[in-house]
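This report concerns only the one structure given below.
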Amino acid sequence: MQKEDNLKDIISHAKEYGFVFPSSEIYDGLAATYDYGQLGSELKNNIKAYWWKSMVQMRENVVGIDSAIFMHPGIWKASGHVDAFNDPLIDNKDSKKRYRADVLLEEFIEKIQVKINKDVAKGLKRFGDNFNKEEFLKTNPNVLRNQAKIDDVENRMRETLGKNDLEGVYNLIVDLEIACPVSGSKNWTEVRQFNLMFSTELGSIAGDASTLYLRPETAQGIFVNFLNVQKSGRMKIPFGIAQIGKAFRNEIVARQFIFRMREFEQMEMQFFIRPGEQEKWYEYWKEQRMNWHLALGISDESYRFHDHIKLAHYADAASDIEFDFPMGFKELEGIHSRTDFDLKQHEEHTGKKLQYFDPELNKNYVPYVIETSIGLDRMFLAVLSSSFKNEDLGDGKTRAVLSLPAALAPYKVAVMPLTKKDGLPEKAREIMDNLKFDFNCAYDEKDSPGKRYRRQDAIGTPYSIMVDHETLENNTVTIRDRDTMEQERVAISELNSIIAKRVSFKALLSGEAVSLQSN
Ligand code: GAP
């Protein structure tokens, strides 16, 4: 299946089963805005809980806050967002389509990278086990020529984008003969800067109103509370402050489902450190964050690091964790070394000291910061897209299954009576009433067992329990594993521990997740 088709299938599956709906649909929708449905909100909450558990509750030196979306407008002046939170835009005069100039250039590089990857794949096919990839990359003339092209474009991007030289960016697009993907023409406007913040007015009396911004990142709510948290929590450096919340950006090209939206959610953590220790902590957090992703059991090959060429106005180093989405590898999370930029800016703009007295060094300083910032909606798409399969069961039969990491699944278990009579529904309810204290459970008695299993597969429920006549005789049920479709007969008294073993965050965070077969 083509990857883009795969995205279409995921979007329609997400809608059909109540994960994600287009927003304001009965009014014909609102571009790039989505609502999370009954199962989508469960999945989203579970992703948040997994992040919060691992980043806050399991670390003694990280605490979490929940700051307001509206903040004093001076914060955005100090943080640089009023003056520098811009995207360089370019329009194609024929198609009238608008693009981010930096994205056009990155896509140009990606195409050359694909050629290199193809050459590597050919080499591997030809030489098999004797293929030495490192040597090949250093010596193959095609690869060297293409790599030199990439290096040249990256250098020119650094020179132009890094210095806000918009004419230089335009010249680079023209020199590379980049064409509009829609019209195919190279008829471009000049490159302009566009600020991404949404603004609104505070105050009801005309003339009294002052401009407020909807926060474009949650991070500033952390910076302005740095001293409140440090003092009230008696925090010692190094320590982190985390938060989950909505952010808003007037994205020019908002598309690809929930990947790029104008209203989205971030899970961010600012880690305050001694100046000079940023390299060590930057590497530490890159590793920690990658481990968090890998613990979900999604293939290692779905992730890669990508170092930024165009650094945000606050960063001295930045790397993305990219995920292999249905549209290809794209940014999922950023790890940024933000230096002391933000705290110093807030000091300057408020005249208040935002410093830490380090008892070991016996001096005051403005801490440096390493930030980890992940988009919750992108994480949702990563989990959904990597879990969605149309599985061939042979004999012309297929099933749609969401192999979600069990701890993230909306329902952990479905309880079903085999039939609607003979006291089976009552027994099934009794079992469910016991399990629901610990797990989110679904109850289903409609249609044949086969149809009910398929329904649970399609929404990612890891376990289905069938209550049958034997249950009434000996207090046992069958429990079916979503992924293997195997069933086992077990005592009702064992259900809680069997399910907990696989679906708890403990299983995920300690790497102990098990399937039914390995109990
Ligand atoms: N505080 C740093 C910061 O906001 P960013 O790289 O601009 O850094 C962090 O954003 C993460 O937020 C991204 O890696 C992405 O997952 C998510 N994100 C950014 N813009 C988004 C959008 N328009 N829609 C959905 N997620 C977005």
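What is the sum of charges, Lys and Arg at +1 and Asp and Glu at -1, for the other residues whose Cβ falls under 12 Å from the Cβ of residue 221?
-2
Shown in residue order for region 300-308 are the 3J(HN,Hα) couplings computed by the Karplus curve 6.51 cos²θ - 1.76 cosθ + 1.60 at θ = phi - 60°: 4, 6, 7, 10, 7, 8, 9, 7, 6 Hz (x for Gly and Pro).
Tell me whether region 302-454 comes out rounded, prolate or oblate; compute the Cα gyration tensor, take square roots of the eigenvalues as a ≥ b ≥ c, and use a/c under 1.5 as the rounded threshold.
Cα axes put region 302-454 in the oblate bin.
Compared with the dominant Cα axis of the chain, that is its longest principal axis, helix 166-175 is turned about 70°. Let's test the formula: R0 of 22 Å, r as the Cβ-Cβ distance of residue 142 and residue 185. What FRET efficiency results, to the nearest 0.05? E between residue 142 and residue 185, to the nearest 0.05, is 0.15. Translational D (Stokes-Einstein, µm²/s) of region 258-347 at 10 °C and 1.306 mPa s when Rh comes from the Kirkwood sum over C-alpha pairs? So the translational diffusion coefficient is about 109 µm²/s. For region 121-198, the alpha carbon convex hull comes to 185 Å³ per residue, rounded to a whole number.
For 182, 114, the ranking by accessible surface with the largest value first comes to 182, 114, using a 1.4 Å probe. Rolling a 1.4 Å probe across the protein heavy atoms gives region 1-50 an accessible surface of 57 Å² per residue.
If you wrap region 267-308 in the convex hull of its Cα atoms and look at it from every side, the mean projected area works out to 3.9 nm².
The Cα-based radius of gyration and maximum Cα-Cα distance (Dmax) for region 84-133 are 18.1, 51 Å.
Only Cα pairs under 8 Å and 6+ residues apart enter the sum, and on that basis the relative contact order of the chain stands at 13 percent.
Sorted largest first, the principal axis extents computed over the alpha-carbon atoms of region 41-126 equal 52, 42, 27 Å. Within the full protein context, the accessible area of residue 83 is estimated at about 100 Å² for a probe radius of 1.4 Å. Count the net charge of all other residues whose Cβ sits under 13 Å from the Cβ of residue 367, scoring Lys and Arg as +1 and Asp and Glu as -1. Counting the neighbours of residue 367, the net charge comes to 0. The fraction of accessible area contributed by carbon and sulfur in the chain is 48 percent, rounded to a whole number (1.4 Å probe; ligands and nucleic acids excluded).
Near residue 20, the amide H atoms lying under 5 Å from its own belong to 15, 37; only residues 5 or more places off or on other chains count, and H is placed 1.01 Å from N. Divide the volume of the convex hull around the Cα atoms of the chain by the residue count and you get 224 Å³ per residue.
Semi-axes of the equivalent ellipsoid for region 191-260, computed as √(5λ) from the eigenvalues of its C-alpha gyration tensor and ordered from largest down, come to 30, 22, 11 Å.
Here, region 1-61 has an Rg and a Dmax of 15.6, 48 Å when only alpha carbons are counted.
Pairs over the 24 Å Cα-Cα cut-off, from the set 436/506; 246/436; 397/446; 125/397; 53/363: 246/436; 125/397; 53/363.
Projecting label points 7 angstrom from Cα along Cα→Cβ for residue 397 and residue 120 puts them 4.1 nm apart. Taking Cα atoms only, the orientation of helix 341-350 departs from the longest principal axis of the chain by about 70 degrees. Here the simple spin-label model places points 7 Å from the Cα toward Cβ, and for residue 497 and residue 106 these points are separated by 5.0 nm. Rounded to two decimals, the Cα-based Rg/Rh of region 153-193, with Kirkwood Rh, is 0.99.
Over region 436-494, what is the relative contact order in percent, taking alpha-carbon pairs closer than 8 angstrom and at least six residues apart?
Relative contact order, region 436-494: 22 percent.
Here residue 200 sits with roughly 60 square angstrom of accessible surface, probe radius 1.4 Å.
Expressed in nm to one decimal, what extension gain is obtained for the pair residue 95 and residue 8 from 0.36 nm per residue of sequence separation less their Cα-Cα distance? Spell out each step's value before the answer.
Values: separation 87, 0.36 × 87 = 31.32 nm, distance 2.42 nm.
Gain on stretching residue 95 to residue 8: 28.9 nm.
Taking the C-alpha atoms only, the angle from helix 101-127 to the longest principal axis of the chain is near 60 degrees. Heavy atoms of the protein chains alone define the surface here; on that basis region 322-432 has 39 Å² accessible area per residue at 1.4 Å probe size. Label reach from residue 53 (point 7 Å along Cα→C-beta): in region 463-505, amide nitrogens under 12 Å belong to 500-505.
Where does region 322-409 land on Rg(C-alpha)/(2.2 N^0.38 Å)?
Values: Rg = 23.0 Å, N = 88, 2.2 N^0.38 = 12.1 Å.
So region 322-409 has a normalised radius of gyration of 1.91.
For residue 62, the solvent-accessible surface with a 1.4 Å probe is about 10 Å², rounded to the nearest 10. Derived scalar couplings between HN and Hα for region 189-199 equal 7, 5, 8, 10, 8, 9, 6, 8, 7, 7, 10 Hz in order, rounded to whole Hz, by the Karplus curve 6.51 cos²θ - 1.76 cosθ + 1.60 (θ = phi - 60°), x for Gly and Pro.
May I ask you to give the solvent-accessible area per residue for region 212-316, in square angstrom, as obtained with a 1.4 angstrom probe? Before the final figure, lay out the partial values.
Details: 4290 Å² over 105 residues.
In whole numbers, region 212-316 has 41 Å² accessible per residue.
What does the net charge come to around residue 171 if you take all other residues with beta carbon closer than 10 Å to its beta carbon, with K and R at +1 and D and E at -1? Write down the numbers at each step before the final one.
Working: positive: 156; negative: 165, 167, 175.
Value of the local net charge: -2.
Under a 5 Å amide H cut-off, with hydrogens placed 1.01 Å from N, residue 89 pairs with 101, 192, 193, 194 among residues at least 5 apart or on other chains. For 260, 399, 454, the ranking by accessible surface with the largest value first comes to 454, 260, 399, using a 1.4 Å probe. Subtracting the Cα-Cα distance of residue 472 and residue 291 from 0.36 nm times their residue separation leaves 60.6 nm of extension gain.
The values are calculated or read from the model by the stated rules, or taken from the named source; none is laboratory data. Small disclaimer: the values here were computed from a predicted structure and weren't measured. Methodologically, a virtual Cβ is constructed for each residue, glycine included, from the backbone with ideal geometry; neighbour enumeration extends over all protein chains shown. SASA here: full protein model, heavy atoms, side chains in, ligands and nucleic acids out. Shrake-Rupley method; radii C 1.70, N 1.55, O 1.52, S 1.80 Å.
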